[in-house]
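Sharing a structure with you now.
The values are calculated or read from the model by the stated rules, or taken from the named source; none is laboratory data. Worth saying up front: this structure is predicted, and the values here are computed from it rather than measured. No Cβ is skipped: glycine too gets one built from the backbone with ideal geometry, and neighbour counts run over all protein chains shown.
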Amino acid sequence: MAPKKSQSYLADAQALEQSGDIPGAIKLYKSFISKHRTHPNALKVRVRTAQLCVMQGNYDDAIKLIEHSGGAGQKNLLMMYTLAQACAYAGRLQDAHTALELTLKIDPDYPPAIARLATIMQYEGLKDEALAIINDAYARGIDAWDIDHTLGELAPKSGRVDEATDRIQRRLTDSKIKGSARIELEYMLSSLLEKQKKHTQAWEAAARGNALKTDGGMGGYAIKGAKKLRTNTSVTKYKERVLKTMKIFDVEMLKSLEPKDEPKDSGPEQRPQILMISGMPRSGTTLLEQILSSHPQAESAGEATFLMKMAADLKMYPNPSAQTLQKLSINKRSKAGRQVLQELQALSGSDDYVVDKHPGNDEHIGLLAAIAPGSTMIITRRDPRDIALSCFFRNFALGHGWTNSFESIVDMIEIRLQMHDHWLKVIPEGAPWLKLCVGDYERIVKDPENQSRKLVEFAGLPWDDACLNFSDRKRIVPTLQPHQAAQGVYSGSLAKWMPYAECMGKSLDRLNTICERHGYTV
């Protein structure tokens with residue numbers, strides 16, 4: 001067979017990217033890079049691959065790709081900016097600073113780098129310095145949507161909400177602002193309008209942002225040619241798969257997976273170092289992750305995909321079956337649990353406890369019981385109305401197409417909570433070796449110390465005051481705005497849905513029914 005030509009690699013990778021198969025595209029792009037190092041487009045392909053890695057949350061891969069680019073990479077504007085993005089999200093703020101300085105040496109007026117530097121300073125608690133950078137950019141006549149967007153982030157803490165709102169509204173009248181830039185500005189506008197208590201206008205801005213979205217990615221990296229998302233289809237497929245999973249993992253099936261202490265090879269090894277937090281997006285997963293990963297014996301792996309990848313490797317995703325599960329040998333299950341732990345520890349840099357907060361892990365709680373006894377899973381709960389509103393107002397990364405329609409958000413909440421109830425019923429009876437509990441967002445916000453102590457104890461760790469002072473850690477949290485990440489536990493997100501009751505229309509009736517079913521006051 002003739003060697004694959006460079007153009008064929010690129011065409012195939014771009015096709016995968018446009019279809020939404022980002023991991024497949026990354027794999028092909030990497031093959032191109034390794035086989036065609038001297039190709040005229042090699043550096044450009046390396047940049048794009050690193051951008052896709054950032055979108056996927058594979059920050060270390062992105063950093064390695066860029067660091068291995070040689071001297072040419074340090075002279076490439078997009079390369080250095082992408083490195084800054086990857087380092088920032090990986091928690092390497094000083095490295096991000098260095099990369100941004102190199103970026104601004106190449107082009108001192110590059111708006112994305114100016115905006116990102118100001119954002120990083122916010123996470124470091126340097127609000128005044130961040131504001132000075134934005135003011136200086138305006139004074140030098142730099143007119144860019146990135147700068148306006150970052151002013152929007154700073155506005156609530158600097159008394160400039162009205163100014164930021166006016167700037168963004170004027171910016172959105174420019175027909176040249178398209179794609180991810182327009183989407184991000186609409187979401188920022190919705191946040192600012194909410195601060196002004198203009199709730200109907202805020203809802204309309206979020207709705208416009210949602211209507212524009214395709215399979216765009218985090219950090220402003222859009223996928224050219226991506227098709228419009230069909231939210232109802234994605235929820236329907238998810239529901240079918242979840243109902244099938246719940247049917248497979250009943251009490252009797254779980255009991256058949258019980259690990260035995262004697263003899264040694266009669267069950268998977270215990271994995272108490274695995275601490276997982278999962279639930280609906282915007283239900284408090286980040287809050288709980290920050291509490292637990294602030295413990296000296298624990299470190300965060302962010303939203304890792306290793307459990308989901310293992311489910312696919314074991315043929316339990318996306319088409320789970322009881323027959324496939326029953327055919328998994330004890331040794332294979334034990335090896336799978338060990339691999340998930342090792343990958344989490346490698347990603348987090350921890351040799352001890354590691355926290356994974358991927359919202360999608362809740363679908364695989366039954367599999368976790370089968371491969372990693374002794375591990376901990378905390379399901380987050382929050383008022384469904386606040387979850388729905390927060391999802392609607394959030395510019396998510398890949399994989400959350402259902403959030404673009406408020407009705408689909410309600411559909412997803414309904415099936416996810418049904419699944420959570422299933423696990424909370426069958427795991428204690430069928431698989432008590434998996435530690436499972438609920439982390440209630442409202443209770444934690446109202447009584448942070450006592451609730452945090454209970455969570456830390458449940459995870460098998462001794463109490464440490466650092467778990468209450470997590471806002472002191474200077475790191476980028478992709479799922480939070482900078483001002484949120486710096487303020488620790490805050491009560492401003494409770495009952496946020498109430499001013500939007502009229503905007504929710506008939507969907508609120510469905511949400512109230514869900515609330516009654518799950519013990520929330522209507």
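Return yes or no: is Leu229 modelled with pLDDT of 90 or more and surrounded by 18 or more Cβ atoms within 10 Å (Cβ to Cβ)?
When the stated conditions are applied, Leu229 does not pass them.
Sticking with this one: For the stretch 92-123, which positions are of a type in the set (D, E, K, R) and either crowded, with 18+ Cβ neighbours inside 10 Å or touching a Ser or Thr at 6+ places or on another chain (Cβ under 7 Å) (or both)?
Across the stretch 92-123, the qualifying residues are Arg92, Arg116.
Determine, yes or no, whether Ile177 is within 23 Å of Thr82 (Cβ to Cβ) and either in contact with a strand residue (DSSP E or B) (Cβ under 8 Å, 6 or more places away or on another chain) or surrounded by 21 or more Cβ atoms within 10 Å (Cβ to Cβ) (or both).
No: the conditions fail for Ile177.
Starting from residues that are among the acidic types (Asp, Glu) and closer than 22 Å to Pro156 by Cβ, keep the ones in the stretch 85-142 and report whichever is modelled with the lowest pLDDT.
Within the stretch 85-142, the match that is modelled with the lowest pLDDT is Glu124.
For the stretch 200-213, check the following and say yes or no: at least one residue is polar (S, T, N, Q), closer than 21 Å to Met498 by Cα and free of Cβ contacts under 8 Å to residues at least 24 places away in the same chain.
Looking for residues that are polar (S, T, N, Q), closer than 21 Å to Met498 by Cα and free of Cβ contacts under 8 Å to residues at least 24 places away in the same chain, one finds at least one in the stretch 200-213, hence yes.
Going by the structure shown, is Ala137 under 27 Å from the mean Cα position of the chain (by Cα) and crowded, with 17+ Cβ neighbours inside 10 Å?
No; evaluated as a whole, the condition is false for this residue.
Right, next: For the stretch 135-155, indicate whether the set of residues that are of a type outside the set (A, V, I, L, M, F, W, C), in a helix (DSSP H, G or I) and in contact with a His (Cβ under 8 Å, 6 or more places away or on another chain) is non-empty.
From the stretch 135-155, those of a type outside the set (A, V, I, L, M, F, W, C) are 135-136, 138, 140-141, 143, 146, 148-150, 152-153; that's our starting set.
Restricting the remaining residues to those that are in a helix (DSSP H, G or I) gives 135-136, 138, 146, 148-150, 152-153.
From what is left, the residues that are in contact with a His (Cβ under 8 Å, 6 or more places away or on another chain) are 153.
So far as the stretch 135-155 goes, yes, one or more of its residues are of a type outside the set (A, V, I, L, M, F, W, C), in a helix (DSSP H, G or I) and in contact with a His (Cβ under 8 Å, 6 or more places away or on another chain).
Right, something else. Can you tell me which residue is surrounded by the fewest Cβ atoms within 10 Å (Cβ to Cβ) among those in the stretch 418-432 that are part of a helix (DSSP H, G or I) and hydrophobic (A, V, I, L, M, F, W, C)?
Looking at residues that are part of a helix (DSSP H, G or I) and hydrophobic (A, V, I, L, M, F, W, C), I get Leu424.
Being out of contact with any helix residue (DSSP H, G or I) (no Cβ under 9 Å at 6 or more places or on another chain) and polar (S, T, N, Q) is the filter; apply it to the stretch 15-69 and report the residue that is surrounded by the most Cβ atoms within 10 Å (Cβ to Cβ).
Among them, the one singled out is Ser34.
In addition: Identify the residue in the stretch 391-416 that is at pLDDT 95 or above and surrounded by fewer than 20 Cβ atoms within 10 Å (Cβ to Cβ) and, among all such residues, is farthest from Ser191 (Cα to Cα).
Here the residue is Ile415.
Search the stretch 254-271 for residues that are assigned by TED's automatic domain parsing to the domain that holds Gln339 and of a type in the set (Asp, Glu) and pair each with any residue that is at pLDDT 75 or above and part of a helix (DSSP H, G or I) when their beta-carbon atoms are under 8 Å apart and the residues are at least 6 apart or on different chains.
Asp265/Ile330; Asp265/Asn331; Glu269/Ser334; Glu269/Gly337; Glu269/Arg338
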